[in-house]
Amino acid sequence: STEDLRDYHIFRDRHFVSDPVLIWRPKAGFDVFNEQGFRGPVVARPKPPGLFRILCLGDSVAFGHWVEAEQAFPRRLEEILVRQAGRRVEVINAGVPGYSTFQELAWLEAEGWSYEPDLVLLGFVLNDVVERYHTLAAYGGGNTILGVDTTVTLGPLQRLVRRTAFHRFVTSLMLAGERRREVYSVRRLFDADLTPEVRAAWELTETEMDAMAAAARRRGVPLWVAVFPFRFQVAEDLAPRPQERLAAWGRRAGVPVIDLAPVFARLGPGGFLDHDHPTPEGHDAAARALAGALLAEGALDGARS
């Protein structure tokens, strides 16, 4: 319920189940999640003719934590596009609290393409780069995250981590526990000289985004990325180094990257409910900016057959 969303701990402990690949997934058909695990109406499969479908990936920002489903930017984006594009548009809110790019990529490959999207929109929040390390550190056994017993998925998670080139290096840091949280702070992304840990985190994130872009190209589906800032970046007017890096990645990958920091700068710190979750006004402003960019580029002019 919306009331549960106001108490993160209640929400966390009730709404997720363990998963051997994704680590956790929404408890489908329970409370705020529909039977497909989405926040929103059930999605028709196969896709109805004449419908332009956008699949929105992301974390709790895309999910719309602490706001009503109708206020979250995926739903607002759908409403704006339907009104302004003059055609049938559906935006699937596949945001899952706590997810990072490795989970979004895995879910897209396992399930997401079956929804026949005409466009994939990745809602990228800056902690996507570093959040995985807090998540993985918690999965040392005997802990829980989002109410899921970590020992259930420890084996598959270890296998996932060992696929990365810097497994031993990262593992040694993870085991240091809380002392290492500052190493993977979002603030480190704004440093002029990145630490080896943060450089490695960026490289892995970009590798996963490369894989997502390549999968989209193979299917002839455009991938767009919407980058959400943190409140401290807006409040302190920091140089947009993370956004510049993502823009450079987008140019290399041929992926449009929409920087929403200027949108939130106009709203000021009041556009956030906490460190990164937007207010309803923030969601609405983000949706309007995204709709404007999509329409200006003619992104809805075609659809997959």
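The values are calculated or read from the model by the stated rules, or taken from the named source; none is laboratory data. What you see is a predicted model, and the numbers here were worked out from it, not measured in a lab. Positions of Cβ are generated from backbone atoms using ideal geometry, with glycine treated the same way; all protein chains shown enter the neighbour counts. When the accessible area is computed, the model is the full protein with side chains, heavy atoms only, and any ligands, DNA or RNA have been set aside. Shrake-Rupley method; radii C 1.70, N 1.55, O 1.52, S 1.80 Å.
Scan the range 238-260 and give yes if some residue there is of a type in the set (Asp, Glu), open to solvent by 30 Å² or more (accessible area, probe 1.4 Å) and in a strand (DSSP E or B), otherwise no.
Yes, that holds for at least one residue.
Mind telling me which of the residues Leu300, Leu294, Leu290 ends up being in contact (Cβ under 8 Å) with a residue 24 or more places away in the chain, farther than 23 Å from Arg188 by Cβ and not in a helix (DSSP H, G or I)? Quick ask: steps written out before the conclusion?
Working: Leu294 fails: not in a helix (DSSP H, G or I); Leu290 fails: not in a helix (DSSP H, G or I).
None of the other options fit; the residue is Leu300.
Please pick out the residue among Thr195, Thr279 that is touching a Gly at 6+ places or on another chain (Cβ under 7 Å) and hydroxyl-bearing (Ser, Thr, Tyr).
Thr279
Give the residues of the range 46-67 that are farther than 10 Å from Glu90 by Cβ, surrounded by 14 or more Cβ atoms within 10 Å (Cβ to Cβ) and either in contact with a Ser or Thr (Cβ under 9 Å, 6 or more places away or on another chain) or not β-branched (Val, Ile, Thr) (or both), sorted by residue number.
Residues satisfying the conditions are Cys56, Leu57, Gly58, Asp59, Ser60, Ala62, Phe63, Gly64, His65, Trp66, Val67.
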Please determine, by comparing only the residues of the range 273-287 that are among the charged types (D, E, K, R) and closer than 18 Å to Arg187 by Cα, which one is least open to solvent (accessible area, probe 1.4 Å).
-> Asp276
Could you check, for the range 218-229, whether at least one of its residues is among the basic types (Lys, Arg) and either in a loop (DSSP other than H, G, I, E, B) or touching a residue at least 60 places away in the same chain (Cβ under 8 Å) (or both)?
-> yes
From the list Ala44, Ala94, which residue is closer than 22 Å to Arg14 by Cβ and modelled with pLDDT of 95 or more?
-> Ala94
Hey, Glu35 exposed (fewer than 15 other Cβ atoms within 10 Å of the Cβ) and under 25 Å from Phe230 (Cα atoms) or not | no
Look at Phe232 and say whether it is buried (at least 19 other Cβ atoms within 10 Å of the Cβ) and either not hydroxyl-bearing (Ser, Thr, Tyr) or not in a strand (DSSP E or B) (or both).
-> no
Search the range 261-272 for residues being open to solvent by 10 Å² or more (accessible area, probe 1.4 Å) and modelled with pLDDT of 95 or more, and hand back the single one that is nearest to Phe190 (Cα to Cα).
-> Ala261
Which of the residues that make up the range 39-93 are more than 22 Å from Gly29 (Cβ to Cβ), part of a loop (DSSP other than H, G, I, E, B) and more than 21 Å from the chain's Cα centre (by Cα)?
-> Pro48, Pro49, Gly50, Leu51, Gly86, Arg87, Arg88
Starting from residues that are at pLDDT 90 or above and out of contact with any helix residue (DSSP H, G or I) (no Cβ under 7 Å at 6 or more places or on another chain), keep the ones in the range 204-220 and report whichever is least open to solvent (accessible area, probe 1.4 Å).
-> Ala216
Can you spot a residue in the range 233-241 that is closer than 28 Å to Trp107 by Cβ and of a type in the set (D, E, K, R)?
-> no
Restrict the check to the range 126-138 and report whether at least one residue is at pLDDT 60 or above, crowded, with 21+ Cβ neighbours inside 10 Å, closer than 30 Å to Gly298 by Cα and in contact with a strand residue (DSSP E or B) (Cβ under 7 Å, 6 or more places away or on another chain).
-> no
